[in-house]
Amino acid sequence: MKRALGLLLILITCVAALPAAAEEGWPRQVTDALGRRVTIPAPPRRIVAIFSSNVEMLAAIGAGPDIVAIEAWTRWPPDLVARTARIGGRLGFSAEAIARLDADLVVMTPARQAAAGLVDPLGRIGIPALVLTHDRLDDILANIRLLGHATGREAAAAAVADAMGVRIAHLGACLKGRPPVPVYMETGSDERGAAFTIRDATYTGDILRAAGGVSVFAGRDRLGRVSGEAVGRADPDRILIAGPPERVPALMQRPGWDGIRAVRAGRVDAVTRALLLIPGPRVVEGAEMLARLLHPDAFAAGGACITAAEGGE
């Protein structure tokens, strides 16, 4: 009897000594965009978030206080950017510098060779690394949920993703039946007269469609660079410039562009670049911004979109 009681006490002591995280579902595994099964041993508290999209998603689910370093070109959220160390930039990223931060999770996308240069060395020193790709709007929602699971913030992540889905669905409902507006969206230009536009099968293309628009170059998914002649032939009803307002007059004065329908009618607008080209939670704001530009009557008093857009019942 005494021996049995002693064994029971030993068992109780061993169970009590187990890490609390294990009792709460840790360690856990997640599958990243490269198909890798990544083991995260405990709730991460020192996260390195590389590229703006990942920073914005982590901040949205409440993991901002756990971010200890970001990539040099991240600009949002401003308070997080102001207090957080920089790790890498245009010259690349250092696994050794990440290790010195005592990081327990690194989140990145494959851009600028970040994944190629970091995944293997981080694996060798035992730092979990998640590689995410945000090709389409649905990927953004899925990655928010994935980060919720990876950080133990499932409820917050579900709330963010669900709210985004509701807002996108509302746009679809209130714009239903309206013909999509043919749009040329310019994301940049060069000194040789070429311009850059969105590709159709991307999250930005999805945002434009959710807002009741359609790219005049839809269906040409390999396209990014276009000529002024191609824009003229496409003859968009609206032109949107992802950038500052001062770019509008310069575009309207380009040689030969005065024959384009949108230019003749003065339907050329600058739109906030970050809301359209950074695949994070703010893309919903981007979709709503575009919808107001393309279908202003739907947001006017009594319009189909006014209730949800203005926070009414």
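The values are calculated or read from the model by the stated rules, or taken from the named source; none is laboratory data. Owing to the predicted nature of the structure, the values given are computational and were not obtained by experimental measurement. Quick reminder, even Gly has a Cβ in these numbers, built from the backbone with ideal geometry, and neighbours come from all protein chains shown. Note: accessible area is taken over every heavy atom of the protein model, side chains too, but ligands, DNA and RNA are not part of it. Shrake-Rupley method; radii C 1.70, N 1.55, O 1.52, S 1.80 Å.
Just a few scattered comments:
- Sum of side-chain charges, residue 187 neighbourhood, beta-carbon under 13 Å (Lys, Arg +1; Asp, Glu -1): +2
- Per-residue ellipticity at 222 nm from helix content only, as computed over the chain with -39500 (n - 2.57) for each DSSP H run of at least four residues, stands at -12000 deg cm²/dmol.
- Residue 196 - accessible surface, heavy atoms, 1.4 Å probe, Å² rounded to 10: 70
- Among the listed options (1) 24.2; (2) 21.9; (3) 19.8, the one matching Kirkwood radius over Cα pairs in Å as calculated from these coordinates is (2).
- For the chain: accessible area per residue (Å², 1.4 Å): 49
- Accessible surface, 1.4 Å probe, highest first, among residues 52, 227: 227, 52
- Largest to smallest accessible area among 73, 26 [probe 1.4 Å]: 73, 26
- Cα gyration tensor category, rounded, prolate or oblate, for the range 28-135 with a/c compared to 1.5: rounded
- Cα gyration tensor, the range 108-218 - rounded (a/c under 1.5), prolate or oblate: oblate
- Residue 243 long-range amide H proximity, modeled H, under 5 Å: 271, 273
- Beta bridges per DSSP, both residues in the range 25-183: antiparallel share near 30 percent.
- Amide hydrogen neighbours beyond the local backbone of residue 188, cut-off 5 Å, H modeled: 196
- For residue 220, solvent-accessible area (1.4 Å; no DNA, RNA or ligand), Å²: 120
- Accessible area of residue 229 in the full protein assembly, 1.4 Å probe (Å², nearest 10): 120
- Taking a span of 18 Å or more along the helix axis (Cα atoms) and a mean Kyte-Doolittle hydropathy of at least -0.5 as the rule, the DSSP H helices of the chain that qualify are 2-17, 137-151, 154-174.
- Per residue, the average separation of C-alpha pairs within less than 8 Å and at least 6 apart gives the range 161-313 a relative contact order of 25 percent.
- Accessible surface ranking for 261, 247, 1.4 angstrom probe, highest first: 261, 247.
- Computed Rg/Rh of the range 153-279, alpha carbon atoms with Kirkwood Rh: 1.02
- The range 160-250, accessible surface, carbon-and-sulfur percent (1.4 angstrom probe): 55
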